[in-house]
Every structure is written in structure tokens, then in C-alpha cells.
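The values are calculated or read from the model by the stated rules, or taken from the named source; none is laboratory data. Because the structure is a prediction, the values reported are computed rather than measured. When we count neighbours, we look across all protein chains shown, and the Cβ atoms used for this are built from the backbone with ideal geometry, even at glycine.
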Amino acid sequence: MTDAQRVKQAAACRRYYERNRAVVHARAKAWALANPERAAAIHARHKAKHPGAANIKAQRWRERHPGAAQAAARRHYLRNREVVAARGKAWRLAHPEKCRQYTRKYYRKNVAKCNAAKLRYCQAHPEWLRVQNRNLKLRRRGVTGQHRPHHIRLIYASQNGLCYYCTVPLLGVFQVDHMVPVARGGTNWPSNLCCACGACNQAKRTRTAEEFLAA
Ligand SMILES: [Zn+2]
């Protein structure tokens, strides 16, 4: 076959395909179903030869069928909830700066909604706000360390709910005390914290836990 003949044949094939698109696709699909291994090999060869082509094709399909694409994404998410969540988490860990940018952008776009959500969260979790305020205040004073509400819960549980100093039952009402006061170089890490009754916390003032217990 000469080059001219080859070009002519390719053009004829193309014309046939364009006129009988559905038939060709159906036949190709039937062949692929009947020959799964060979179809997979062809698919792999094509993928190696045209990296990214599948992505472009999928992207085009999504653009043409936005509703169906959204529904498919939703179905995929519901079927693979954990995998999707894990992948998202890994991505966020790998791209902290991008995450911050997204968060800032989202916040600027939805200020009222974000503030309302934050207010709702603070009202439902008062201990979170207290911890947050304590961390912020001490960080501004240049004190190292920070803690979270679950640290306080663990410390409270490890003291069996009793005041660290006088062992009176706290019944959930207590103050978080820095055993080595921050004014004397104590940190804000959980290891320097204890739960104390209001009377002990006030009486201790700027003494260390050791000095207060010895007095
Ligand atoms: Zn006490």
C-alpha cells in the first residue's frame, strides 16, 4: 500500500466512523467485554502513550454533564466515604499553606455564615472557648506551650475529679492552675497544668505547687 492509499483508507475509516458512531462504539464495547485481557492491555498501552488523556476526556465529560457528574461524585463519596476522607486528610497535611489560603478565601466569602457557626460552636462547647482564650492570652505574653480541652479532661480524670491541692471533690467546677506559675517561667503545656478548686488557686498565687503544698 502506498502512502496515498493509506491516507485515503484512513479518511474512509474516519467517514465510516462518523456516520456509524453508535454502531462502532457498541461493537468495540462488545469486543472488549468478550476479550477483557486484550482490552485491558490495549487500554494500558494507550494510557502509557497518552498520559493525562483520560483525565482530559473525563474533564470534558464532566463539563458536558454537570448534573450527572455531581451525582456520580456524590455516589462515589457515599460508597468510599472513609477512603475519600483519608485522602483529603493526607492532602491537607501535605499542603498546609494551600489549606490556609482556601480557609481564608472561604471565610472572606462567607463571613456572616462563619461567624454564626463559630458562635454556635462556642455556645455548645464553653470549655473550648476558655481553653482558646487561655492559650491566646499566654501566647501573647510570650509563654511557650498550648493545650486543648481533651488535655484538661484527661488531667481532671487523672485527679479523679478532686482538687490537686486540697482533694475536695470538684464536681466539674474548677480552675486550671499552672503548677509552676507562668510568671516564674512555667509553660502552658499540659504537663504543667492541674485542676484546682477556686480557693486553692487563689491562695496559691505565685507560688509553685511544691511551695504551696509545703506551706
Ligand atoms: Zn483545693
- line: Filtering region 176-215 down to residues that are acidic (D, E) and within 11 Å of the ligand (Cβ to nearest atom) yields D177
statement: V173: passes all of (1) more than 25 Å from C122 (Cα to Cα); (2) within 12 Å of the ligand (Cβ to nearest atom); (3) at pLDDT below 95 but (1)
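State yes or no: is G145 more than 16 Å from the ligand (Cβ to nearest atom) and in contact with a Ser or Thr (Cβ under 9 Å, 6 or more places away or on another chain)? Break it down stepwise before answering.
Values: more than 16 Å from the ligand (Cβ to nearest atom): yes; in contact with a Ser or Thr (Cβ under 9 Å, 6 or more places away or on another chain): yes.
Yes, satisfied.
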- line: Exactly one of R139, R184 is of a type outside the set (F, W, Y), exposed (fewer than 12 other Cβ atoms within 10 Å of the Cβ) and not assigned by TED's automatic domain parsing to the domain that holds T103, and that one is R184
message: Going by what's in this entry, would Y165 be described as closer than 15 Å to A209 by Cα, among the hydroxyl-bearing types (S, T, Y) and within 16 Å of the ligand (Cβ to nearest atom)?
response: yes
message: Can you go through A58, A48, A68 and tell me which one is over 22 Å from the mean Cα position of the chain (by Cα), surrounded by 10 or more Cβ atoms within 10 Å (Cβ to Cβ) and over 27 Å from C99 (Cα atoms)?
response: A68
query: Hey, does region 164-182 have a residue that's under 17 Å from L136 (Cα atoms), out of contact with any Asp or Glu (no Cβ under 8 Å at 6 or more places or on another chain) and hydrophobic (A, V, I, L, M, F, W, C)?
result: yes
Check on Y156, near the ligand (Cβ under 10 Å from one of its atoms) and either without any contact (Cβ under 8 Å) to a residue 60 or more places away in the chain or more than 18 Å from E127 (Cα to Cα) (or both): no
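Per-residue answers, yes or no, for (1) of a type in the set (V, I, T); (2) in contact with a helix residue (DSSP H, G or I) (Cβ under 6 Å, 6 or more places away or on another chain); (3) at pLDDT below 95:
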{"site": "A117", "(1), (2), (3)": "no, no, yes"}
{"site": "P126", "(1), (2), (3)": "no, no, yes"}
{"site": "V131", "(1), (2), (3)": "yes, yes, yes"}
{"site": "N160", "(1), (2), (3)": "no, no, no"}
{"site": "P169", "(1), (2), (3)": "no, no, no"}
{"site": "H178", "(1), (2), (3)": "no, yes, no"}
{"site": "A183", "(1), (2), (3)": "no, no, yes"}
{"site": "N188", "(1), (2), (3)": "no, yes, no"}
{"site": "C200", "(1), (2), (3)": "no, no, no"}
query: Which of the following residues is within 30 Å of V182 (Cβ to Cβ), assigned by TED's automatic domain parsing to the domain that holds C195 and either without any contact (Cβ under 8 Å) to a residue 24 or more places away in the chain or surrounded by 12 or more Cβ atoms within 10 Å (Cβ to Cβ) (or both): R134, R148, R130?
result: R148
